[in-house]
1. Does G480 satisfy the condition of being within 16 Å of the ligand (Cβ to nearest atom), surrounded by fewer than 24 Cβ atoms within 10 Å (Cβ to Cβ) and in contact (Cβ under 8 Å) with a residue 12 or more places away in the chain?
2. Against the condition assigned to a strand (DSSP E or B), among the aliphatic types (A, V, I, L, M) and crowded, with 21+ Cβ neighbours inside 10 Å, how does L202 come out, does it pass?
3. Is the stretch 362-373 home to any residue that is within 25 Å of D563 (Cβ to Cβ), within 9 Å of the ligand (Cβ to nearest atom), in contact with a Lys or Arg (Cβ under 6 Å, 6 or more places away or on another chain) and modelled with pLDDT of 95 or more?
4. Report, by residue number, each residue of the stretch 406-434 that is within 15 Å of the ligand (Cβ to nearest atom) and either among the acidic types (D, E) or more than 23 Å from the chain's Cα centre (by Cα) (or both).
5. Please verify whether G434 is surrounded by fewer than 22 Cβ atoms within 10 Å (Cβ to Cβ), at positive phi and in a loop (DSSP other than H, G, I, E, B), treating the condition exactly as stated.
6. Which residues, taken from the stretch 138-170, are among the hydrophobic types (A, V, I, L, M, F, W, C) and part of a helix (DSSP H, G or I)?
7. When the stretch 292-320 is examined, which residues are found to be among the hydrophobic types (A, V, I, L, M, F, W, C), part of a helix (DSSP H, G or I) and within 13 Å of the ligand (Cβ to nearest atom)?
8. Report the residue count in the stretch 169-202 for those that are farther than 27 Å from E101 by Cα and of a type in the set (G, A, S).
Amino acid sequence: MSEALPFDEYLELPNWRARTVDIEAYKRFWRTTVEDFVGFWEKEARNLEWFRPWDRVLESGEHPFVFKWFVGGLLNISYLCLDRHAKSWRRNKVAYIWEGEPVDGDGRPLSTRKYTYYELYREVNRLAHVFLSLGLRKGDRAAIYLPMIPELPITMLALARIGVIFTVVFSGFSAENLAIRVNDLGAKVLVTADGFYRRGRLINLKEVVDKAVESTDVEKVVVVKRAGNEVSMKEGRDFWLHDLLRTVPENVSVEPEPLDSTHPLYVLYTSGTTGKPKGIIHDTGGYAVLLNSTMKWVFDIRDDDVYFCTADIGWVTGHSYIVFGPLMAGATIVMYEGTPDYPTVERWWQIIERNGVTIFYTTPTAVRMLMRFGNEPVQKHNRSTLRIIHSVGEPINPAAWKWLFEVVGERRCPVGSTWWMTETGGILISHLPGLMLTPLKPGTNGLPLPGIDAEVVDEKGVVAAPGQRGYLVIRKPWPGMLGPPTGMWKEPERYRQVYWEKVNGVFFTGDYAVKDVDGYIWVAGRADEVLKVAGHRIGTYELESVLVSHAAVSEAAVVGVPDEIKGETPVAFVVLKSGYQGGNETAEQLIKYVRETYGAIATPSSILFVSKLPKTRSGKIMRRVLRAVATGGSLGDLTTLEDEAAVDEVKESYEQLLKEVRRGR
Ligand code: WTA
């Protein structure tokens, strides 16, 4: 664990002197907010505009551990994101600055678009009108499979406006992954695009949709023209968005549906340890409150800020902190279609310079990748506007943190690592430049947010001693948590088991963490069979299912191995069916198969062919053995046998497997 930065040095940063406090002062304040967390969140909720105030702040739902926030309250998040600003002086303020990936001969973006709050409001109204005319009504479901283009937030806001529950599927996912989500949610309408650009390549998205939709009940597909690539349109099912919009009056207005605070805003699917992806439900009221408060505390968002979050809206970070959070805050948001290294590794720094970005929210994987190219590509571009930097998605190693602090932020900007997950809806542990800033330490997540009772505990829920590794749990409900009616879409029992059973009665995050003597939390990574590959959450079980669906594969087990850039990459152990041969060619075929069947983000870094998988007598795969073999590392301490196997057994299968894998190479 790293040392705190010398606080004195930190206090020399003139912009932040007024906001800095010592750790104890923050903790004293924090304790009062957690003791009366209901009263505290009620106060925060008053910062939003409600159509009708709530009757009760917090109530238990019909299923165990499904909580209802701000019961009786009515609101609409699209109203909070748009109408409120469109009626104010912000009406002509720029909401989105969008930049497409392709560039001209001078390296300048070929296409950029800007939307003021009023323009965004108009576009959303027109699209909401289109959705109504397609027959969508409050409580119906729709799926969105769009790249990083302005139509993506516009679609989310239009659906939210009329109370249609939506799911966004990351545009890098395969047809299979798209179909699983569309079917689970029961989506009637799918919104997509013809294609888009990624690292200079044109991706034909519609082709994937055509394949996926066959195995779903989708009735209508709305297609945005982005890339102009050739696509096939099925009569009666597929509609170009520009054709649908042509008939809509320019000034049409669709009243925002007054929705219950507990009305599901969206379902976002995320990987777990077993089974199909989990449909995480977020409500409307609690979610809006958490985002509104975190935009202030974590990002210190102000009206003259230019805010740039590099995530993809297909993941939760984009939902909360490219769309709903910053729009509610009335921010100017930079949105970029492509990758940070196209056409060169200067792309993000150019975007920051061109737009005068003040707040930069990014990921450790990207930072580690960009660091390899040295300081020059960064220093060539003016970053003097930057004032706050945060990262998210995986632990940030101290070297990457220091590079952000010293090189990117020129020792002027607080740099944080905001901890949260799809399930939490918004940031729960972070430095808080917008509220009270405690000393920075390279690599830590910092202290829990006000009202958030995050702790590090053992299996029994006993608080771990400082420096001791334990599980990260949240001991009190928070607004933004998994929402009614069932927490997990259609699976209330699975919701209870996954999150509330492991450590009795408190919310189990699935992460390992350590708390230091100052109470700072350092999340170390997942404690379950979930991988974080370049910050993307991937279930080993899902990859194993993909592999065994291949004709040549009899059994498969996937483990994560450390990777310098991506944090972690998947390595697959594969037992072939008789009659099939291992070797490079088969390995390449399987890798291609995974890319096509799951998506490129899950590409295994290697495939190791073995004659059998190491298992305990009860049939459990000994993942520790696999991990040791895959990394060339040792078995580690065998006295804590996570695999419930005898020590000799573990050693023996390790030796055996190692021999086999070496022979295979
Ligand atoms: C990990 C992403 C360390 C963690 C918002 C969590 C982090 C999982 C951090 C959720 C961080 C996220 N430091 N680890 N700052 N942020 N994680 O659902 O393991 O894609 O459980 O949400 O990412 O991933 P998800």
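1. no
2. So L202 does not fit the description; no.
3. Checking the stretch 362-373: not a single residue is within 25 Å of D563 (Cβ to Cβ), within 9 Å of the ligand (Cβ to nearest atom), in contact with a Lys or Arg (Cβ under 6 Å, 6 or more places away or on another chain) and modelled with pLDDT of 95 or more.
4. Within the stretch 406-434, just E423 meets the criteria.
5. The answer is no for G434.
6. The answer is L152, I154, M156, L157, A158, L159, A160.
7. V316
8. Selection size over the stretch 169-202: 3.
The values are calculated or read from the model by the stated rules, or taken from the named source; none is laboratory data. The shown structure was predicted, so the numbers you read here are calculated from the model rather than taken from an experiment. Reconstructed Cβ throughout: ideal geometry from the backbone, glycine too, with neighbour counts over all protein chains shown.
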